[in-house]
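*Asks:* A single structure is presented below for examination.
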Amino acid sequence: MATENSSASRPAAGISTFKGQERALRADRLGTGGLLLSVLAATAPLMVVAGVMPTTFAVMGIVGQPLLFVVLGVVLILFSVGYAEMSRHVHNAGAFYAYISRGLGGTAGAGAALVALVAYNALQVGIYGIFGFEVSGLFATYAHVDIAWWIPALVALAVVGALGWLKIDLNARVLGVLLIVEVILVVIFDVAAVADPATQGLSLHAFNPDTLSGAGVGTALCFCIAAFLGFEQAPVYAEETSRPHILVPRVMFLAVGGVAVFFAVSCWALTVAAGPSQVVGVAQKESAGMLFSLTDSRLGGTFTDVLHVLFVTGMFAAMLSFHNVVARYTFAMGREGLLPRAFGRTTGTSGAPGTGSLLQTAVSAVIVIVFAVADNKPTGDPTAPVLHLFTWFGNIGALGVIVLMAAASVSVIVFFARRGAVGAQAWRLATSALAAVALLVIAGYTVKDFDVLVGAGPDSALSWVLPGTVGLALIVGLVQGLVLRSRAPEAHARIGLGNEAFQLEKAAQETA
């Protein structure tokens, strides 16, 4: 992404930008608690502990997974230092692409915008697959009723769409209740594991650096970093907070630090409950049922049944959280001319980005229906379409966000260098540089081992088609940015400014 002349970072006086309050999200709707819960809900803690961790143990065979969460926590804190400082200067629902456009120029911002839209859509849609699969299993187990996975997926899709149309404070309450209950249940398991360890006792072997030797460490990092996705969403809600320069950085550091500690401890509890020498074998045998078998033997069937239900509600919370983010990216892109203007308006009654919410719901419905049709086959693996929906789209989304974080880290350095603030921001720029290198390494491993991540063969076309989706989005976005720069320089100049462009025009009109 080439940098561009910073003189294009502000629209000239007289350029028509935004008209009316429907071009701005409603402020003062989120405090620290509401913002933190909205962000953390996307991490879906129970889905990570019950799904991601056993999968990583089983596929990569690395006992030191708890240590990986600590390492990634350090990398993401380094990233957050510059990212949080950027949030003090830029308040835009398009977070990633707004930051990138401020540092690397409007064309780079346009490319980042489309990557963000594709990545977060993929993350959100992918969860519908595993959600429908799990709900279908619950009905079969407890109600002895067989229903196709896509039925609960479409029902959830409709509910998420309706909530996305409503006020963000309602969503924060929904997300908060589900999140708190999830965390409590996982903590109860952690305590039970420590109180009743396997034959090897309270071993700290999983934190031994020697457990991270081997060729699978890079790929394991790809699995684990997906567990953190959500913390970076805090700046997306900046326009809807009363003090974004204070609340956004605070929430980001609380989220990253809390998630790193929580997942490291919970992953260690899995090794304690199964035994460090046995955890890989147990994960390979039990797969996603690992956590539930360990709780059943320690906390009983009732607790495990509740855990199964909360596993589903946790996925719902993550879907709702990602839906909200996609709707706001769509709103920001519509407001700045990267999407049709209709998407850049809020809903009059709630002030929410309603048209963006409708678009995300429509995209999700189309993809779920396509996979549902693919599932309607008399032969073959009946779980393949639903599991592919989850793994394919989830890893596409994770790769996209990793690339955006790396680009944002570079953008932070360029942004403050252009302002002549290298000396004042030296330590923040150093952390951003370290984060950029680490994130690019992880992105490289993700692309290299994408066949492992999605369960495809090394010669499968999926190994390059799926990650190529992110590359294609970047190329199309860059081309759009170049076209705008040539044909509509006033629109190109607004990329990344968000509501600030409206405020600048309003101030210019008042002083004219």
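*Asks:* Using the structure shown, decide if V217 is at pLDDT below 85, over 28 Å from T346 (Cα atoms) and touching a Leu at 6+ places or on another chain (Cβ under 9 Å).
*Replies:* It is true that V217 is at pLDDT below 85, over 28 Å from T346 (Cα atoms) and touching a Leu at 6+ places or on another chain (Cβ under 9 Å).
*Asks:* Something else now. Scanning the range 82-105 for residues that are modelled with pLDDT of 90 or more and not small (G, A, S), which turns out surrounded by the most Cβ atoms within 10 Å (Cβ to Cβ)?
*Replies:* I100
*Asks:* Yes or no: the range 118-137 includes at least one residue that is closer than 30 Å to A269 by Cα, among the polar types (S, T, N, Q) and free of Cβ contacts under 8 Å to residues at least 40 places away in the same chain.
*Replies:* Yes, the conditions are met somewhere in the range 118-137.
*Asks:* Can you tell which of R494, R487 is charged (D, E, K, R), within 17 Å of L338 (Cα to Cα) and at pLDDT 90 or above?
*Replies:* Step by step, each of R494, R487 is checked, and only R487 is charged (D, E, K, R), within 17 Å of L338 (Cα to Cα) and at pLDDT 90 or above.
*Asks:* Quick one: in the range 471-498, which of the residues that are in a helix (DSSP H, G or I), of a type outside the set (A, V, I, L, M, F, W, C) and touching a His at 6+ places or on another chain (Cβ under 9 Å) is most open to solvent (accessible area, probe 1.4 Å)?
*Replies:* The qualifying residue most open to solvent (accessible area, probe 1.4 Å) is R485.
*Asks:* Being closer than 27 Å to G82 by Cβ and either among the polar types (S, T, N, Q) or open to solvent by less than 30 Å² (accessible area, probe 1.4 Å) (or both) is the filter here; which residues of the range 439-470 pass it?
*Replies:* Correct list: L439, I442, A443, T446, P467, V470.
*Asks:* Taking S432 as meeting all but one of (1) at pLDDT 90 or above; (2) open to solvent by 50 Å² or more (accessible area, probe 1.4 Å); (3) not hydrophobic (A, V, I, L, M, F, W, C), write down the number of the exception.
*Replies:* The failed condition is (2).
*Asks:* Same structure again: Sort out which residues of the range 424-467 are of a type in the set (K, R) and either within 21 Å of E232 (Cβ to Cβ) or in contact with a Phe, Trp or Tyr (Cβ under 6 Å, 6 or more places away or on another chain) (or both), and write them in order of number.
*Replies:* Within the range 424-467, just R428 meets the criteria.
*Asks:* For the range 266-279, state whether one or more residues are surrounded by 22 or more Cβ atoms within 10 Å (Cβ to Cβ), among the hydrophobic types (A, V, I, L, M, F, W, C) and not in a helix (DSSP H, G or I).
*Replies:* No: zero hits.
*Asks:* May I pose another question? Looking at the range 174-230, which of the residues that are assigned to a loop (DSSP other than H, G, I, E, B) and of a type in the set (S, T, Y) is surrounded by the fewest Cβ atoms within 10 Å (Cβ to Cβ)?
*Replies:* Filtering first and then ranking leaves T199.
*Asks:* Could you look through the range 143-161, keep only residues that are assigned to a helix (DSSP H, G or I) and touching a helix residue (DSSP H, G or I) at 6+ places or on another chain (Cβ under 7 Å), and pick out the one that is nearest to A374 (Cα to Cα)?
*Replies:* W150
*Asks:* Tally up the residues in the range 32-59 that are in a helix (DSSP H, G or I), open to solvent by less than 10 Å² (accessible area, probe 1.4 Å) and touching a Phe, Trp or Tyr at 6+ places or on another chain (Cβ under 7 Å), please.
*Replies:* 8
*Asks:* Take the residues in the range 349-371 that are aliphatic (A, V, I, L, M) and more than 20 Å from G397 (Cβ to Cβ); name whichever of them is modelled with the lowest pLDDT.
*Replies:* Ranking the candidates gives A352 first.
*Asks:* Hey, another quick one. Of everything in the range 442-467, what is among the charged types (D, E, K, R), in a helix (DSSP H, G or I) and under 12 Å from N395 (Cα atoms)? Give them in sequence order.
*Replies:* If the condition is that a residue be among the charged types (D, E, K, R), in a helix (DSSP H, G or I) and under 12 Å from N395 (Cα atoms), then D451 is the only one that fits.
So that you can scan it fast, the table gives a plain yes or no per residue for (1) surrounded by 21 or more Cβ atoms within 10 Å (Cβ to Cβ); (2) modelled with pLDDT of 90 or more; (3) more than 25 Å from the chain's Cα centre (by Cα); (4) assigned to a loop (DSSP other than H, G, I, E, B):
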| position | (1), (2), (3), (4) |
| --- | --- |
| G281 | no, yes, yes, no |
| A288 | no, no, no, no |
| R298 | no, yes, yes, no |
| T302 | no, yes, yes, no |
| D305 | no, yes, yes, no |
| A317 | yes, no, no, no |
| Y329 | yes, no, no, no |
| G337 | no, no, no, yes |
| T347 | no, no, no, yes |
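The values are calculated or read from the model by the stated rules, or taken from the named source; none is laboratory data. Here the structure is a predicted model, which is why all the values come from computation and not from measurement. Note that each Cβ is placed from the backbone with ideal geometry, even for glycine, and that neighbours are counted across all protein chains shown. Only protein heavy atoms, including side chains, enter the accessible area calculation; ligands, DNA and RNA are left aside. Shrake-Rupley method; radii C 1.70, N 1.55, O 1.52, S 1.80 Å.
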